[in-house]
2 protein chains.
Amino acid sequence: MPPVEIRNTLKDHGLRVTPQRVAVLQAIMELRDHPTAEQVIDFIKAKNPNIAVGTVYKILEMMVENGLIRKVKTDRDVMRYDTVIESHHHLYCHDSDRIEDYFDEELDHLLDDYFKGKKIPGFSIQDIKLQIVGKFSKTNK
Amino acid sequence: MPPVEIRNTLKDHGLRVTPQRVAVLQAIMELRDHPTAEQVIDFIKAKNPNIAVGTVYKILEMMVENGLIRKVKTDRDVMRYDTVIESHHHLYCHDSDRIEDYFDEELDHLLDDYFKGKKIPGFSIQDIKLQIVGKFSKTNK
DNA sequence: GTGGTTGCAAACCCTTTGCACGGCA
DNA sequence: TGCCGTGCAAAGGGTTTGCAACCAC
């Protein structure tokens with residue numbers, strides 16, 4: 001995603017455009033594999049060593065609150081970030097700690113239909129997220 | 001669960017029985033709602049102020065490794081624990097940070113069938129966990 | 001101009017670790 | 001008795017916070 005589009009994304013959400021914010025968003029997109037805050041920081045520091053750790057954390061939190069990115073958590077303990085905003089599922093491998101987004105409309109419909117017929121007492125559903133745990137084959141990526 | 005059964009649970013897993021271990025397991029069971037380590041510690045300290053924080057963390061980790069309990073993670077950042085070992089799903093409410101276990105064999109079969117017919121390229125599935133996000137109705141619990 | 005942002009460093013919180021003592025088998 | 005488990009306190013790692021200087025609007 002070119003910088004211009006990133007700036008517009010920020011503007012569209014009514015947020016000020018600063019070099020740091022552009023850099024953070026760009027970093028998450030280029031890193032792709034649900035990077036940690038640390039990975040984002042390292043990525044940015046390579047070109048722009050002056051950025052502060054605290055700033056990146058503040059920006060990440062701000063973007064999550066404004067719906068530009070999402071938090072993802074595995075069974076390990078560091079927070080990770082995802083640029084994909086639409087509802088989707090995750091493939092996860094314990095061994096490699098790798099996360100991959102998984103989209104499946106057919107599955108979503110199946111689940112929709114299922115829970116249309118079967119209500120859960122005392123609970124109203126807003127979103128359903130699958131964590132599909134398993135192993136990636138080594139040749140992949 | 002009476003203390004005697006808890007002791008047997010430990011023995012069955014080839015673990016030594018100590019008062020601290022019994023207390024931790026009992027605490028998680030009585031607290032029910034997927035307690036944090038801190039909640040477990042507070043619960044135990046009410047009766048037995050001498051237990052050490054580090055000890056509880058060591059015991060929790062040990063029990064996870066031995067399959068007596070499970071770690072549960074939300075988008076917030078503290079670890080929580082679950083006594084339910086069998087594969088199951090979670091109902092989760094962001095507002096209250098409440099987690100409830102959800103069992104649904106019919107759903108499990110539906111998913112099994114679905115993924116029997118539809119393989120995911122480059123990935124072999126071991127387990128599927130749903131995080132059903134929504135709201136608990138206020139009357140419930 | 002001015003109020004939101006940044007950089008910096010210290011503080012924070014949860015969790016882990018090291019080690020000497022103590023207790024289960 | 002021997003060794004694992006515990007208590008304690010300090011360290012660790014990731015994240016948050018306070019505040020003065022700064023800059024986008």
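Which residue, of A:Leu91, A:Leu10, is of a type in the set (A, V, I, L, M), within 26 Å of B:Ile120 (Cα to Cα) and surrounded by 15 or more Cβ atoms within 10 Å (Cβ to Cβ)? I'd like the intermediate steps shown before the answer.
Details: A:Leu10 fails: within 26 Å of B:Ile120 (Cα to Cα).
Exactly one residue qualifies, and that residue is A:Leu91.
Here B:Ala23 fulfils each of the conditions (1) at pLDDT 90 or above; (2) within 24 Å of A:Arg76 (Cβ to Cβ); (3) among the aliphatic types (A, V, I, L, M) apart from (2). Exactly one residue out of B:Leu25, B:Leu15, B:Leu60, B:Leu10 is over 30 Å from A:Val64 (Cβ atoms) and within 12 Å of the chain's Cα centre (by Cα), and it is B:Leu25. Every test in (1) more than 9 Å from DNA strand D (Cβ to nearest atom); (2) within 14 Å of another protein chain (Cβ to nearest Cβ); (3) crowded, with 17+ Cβ neighbours inside 10 Å is passed by A:Ala37 save one, and that test is (1).
Rundown of residues vs (1) exposed (fewer than 14 other Cβ atoms within 10 Å of the Cβ); (2) touching a helix residue (DSSP H, G or I) at 6+ places or on another chain (Cβ under 9 Å), yes/no style:
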{"position": "A:Asn50", "(1), (2)": "yes, no"}
{"position": "A:Gly67", "(1), (2)": "yes, no"}
{"position": "A:Thr74", "(1), (2)": "no, no"}
{"position": "A:Thr83", "(1), (2)": "no, yes"}
{"position": "A:Ile99", "(1), (2)": "no, no"}
{"position": "A:Tyr102", "(1), (2)": "no, no"}
{"position": "A:Leu110", "(1), (2)": "no, yes"}
{"position": "A:Ser124", "(1), (2)": "yes, no"}
{"position": "A:Gln131", "(1), (2)": "no, no"}
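If the condition is being assigned to a loop (DSSP other than H, G, I, E, B) and either more than 23 Å from B:Arg98 (Cα to Cα) or in contact with a Gly (Cβ under 7 Å, 6 or more places away or on another chain) (or both), then the range A:117-141 contributes A:Ser137, A:Lys138, A:Thr139, A:Asn140, A:Lys141.
If you check A:Val133 against the conditions, is it closer than 16 Å to B:Asp127 by Cα, touching a strand residue (DSSP E or B) at 6+ places or on another chain (Cβ under 9 Å) and of a type in the set (A, V, I, L, M, F, W, C)?
Numbers: closer than 16 Å to B:Asp127 by Cα: yes; touching a strand residue (DSSP E or B) at 6+ places or on another chain (Cβ under 9 Å): yes; of a type in the set (A, V, I, L, M, F, W, C): yes.
Considered against the rule, which asks whether it is closer than 16 Å to B:Asp127 by Cα, touching a strand residue (DSSP E or B) at 6+ places or on another chain (Cβ under 9 Å) and of a type in the set (A, V, I, L, M, F, W, C), A:Val133 comes out as yes.
Might you check whether a residue that is of a type outside the set (Phe, Trp, Tyr) and over 30 Å from B:Ile120 (Cβ atoms) occurs anywhere in the range A:94-104?
Scanning the range A:94-104 turns up no residue that is of a type outside the set (Phe, Trp, Tyr) and over 30 Å from B:Ile120 (Cβ atoms).
Filtered by the rule that a residue be within 7 Å of chain A (Cβ to nearest Cβ) and closer than 13 Å to B:His89 by Cα, the range B:104-141 gives B:Leu107, B:Asp127, B:Ile128, B:Lys129, B:Leu130, B:Gln131, B:Ile132, B:Val133.
Of all the residues in the range B:87-103, those that are at the interface with another protein chain (Cβ under 8 Å from one of its Cβ atoms) and in contact with a His (Cβ under 8 Å, 6 or more places away or on another chain) number 2.
Give me a count of the residues in the range A:52-65 that are of a type in the set (A, V, I, L, M) and either surrounded by fewer than 17 Cβ atoms within 10 Å (Cβ to Cβ) or over 19 Å from A:Met29 (Cβ atoms) (or both).
Summing the residues that are of a type in the set (A, V, I, L, M) and either surrounded by fewer than 17 Cβ atoms within 10 Å (Cβ to Cβ) or over 19 Å from A:Met29 (Cβ atoms) (or both) in the range A:52-65 gives 4.
Being at positive phi, charged (D, E, K, R) and surrounded by fewer than 14 Cβ atoms within 10 Å (Cβ to Cβ) is a property that B:Arg32 has.
Here B:Lys73 passes the criteria (1) within 11 Å of another protein chain (Cβ to nearest Cβ); (2) more than 13 Å from the chain's Cα centre (by Cα); (3) at pLDDT below 95 except the one numbered (2).
The values are calculated or read from the model by the stated rules, or taken from the named source; none is laboratory data. Model, not experiment: these values are computed from the prediction. All Cβ positions, glycine included, derive from the backbone under ideal geometry; neighbour counts span all protein chains shown.
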